[in-house]
Structures are given as C-alpha cells and as structure tokens.
Amino acid sequence: MTREELARQKGLAAEIIAKYHGNFAELQTQGTSRELKTFMMYIANNANHLQRVTMGLDDPD
C-alpha cells in the first residue's frame, strides 16, 4: 500500500471512529459491513507497518 492509500484509509477509519463514538461494539452491531471491513483493514495495515518499523524495514511516520 502506498502512503497515499494509507492516509486515505486512516481518514476513513477516523470518520468511522467518530461516527460510532469510539465504541467497537456499536460499530459491530450498527455499522455496515463496509465500515467494519475498512476499520479492520486499517488496524491490520497499521500493525503491519509497526512491525516493519520495528524490524527496520520501513521508516516511522
């Protein structure tokens, strides 16, 4: 994923978090499948990025 795609995904995740007031249970029960998928992809990509930074394969942002 490019930095632009990650930034876009981060923005979408922030909108989703704000919409559901940071309540993951509310997102699971009242959110759309697309919102849940977007949020979970953001979490996974962020974890992968942090792992690459820890291993010295990527620059910290």
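Nothing in this text is a laboratory measurement; each read-out follows from the coordinates by a stated rule. Computed from a predicted structure; not experimentally measured. Note that each Cβ is placed from the backbone with ideal geometry, even for glycine, and that neighbours are counted across all protein chains shown.
Starting from the Cα of Phe24, step 7 Å toward the Cβ, then list every residue of segment 45-61 with an amide N under 18 Å from that point.
45-51
Given the DSSP H assignment, sum -39500 (n - 2.57) over each helix run of at least 4 residues in the chain and divide by its residue total; what's the result at 222 nm in deg cm²/dmol, nearest 500? Intermediate results must be reported in sequence, preceding the final value.
Details: 3 runs with 46 residues, N = 61.
Mean residue ellipticity, 222 nm, calculated: -25000 deg cm²/dmol.
About the Cα centre of the chain, what is the dipole size in debye to 20, counting +1 per Lys and Arg Cβ and -1 per Asp and Glu Cβ, all else neutral? Walk me through the numbers before you get to the answer.
Numbers: 7 positive and 8 negative charges, 31 e Å.
It comes to approximately 140 debye.
Could you list the square roots of 5 times each eigenvalue of the Cα gyration tensor of segment 3-54, that is, the equivalent ellipsoid semi-axes, sorted largest first and rounded to whole Å?
On the way: eigenvalues 91, 26, 16 Å².
Listed largest to smallest, the semi-axes of segment 3-54 are 21, 11, 9 Å.
In degrees between 0 and 90, to the nearest 10, how far off the longest principal axis of the chain does helix 33-54 point, with axes built from Cα atoms?
Approximately 20 degrees, to the nearest ten.
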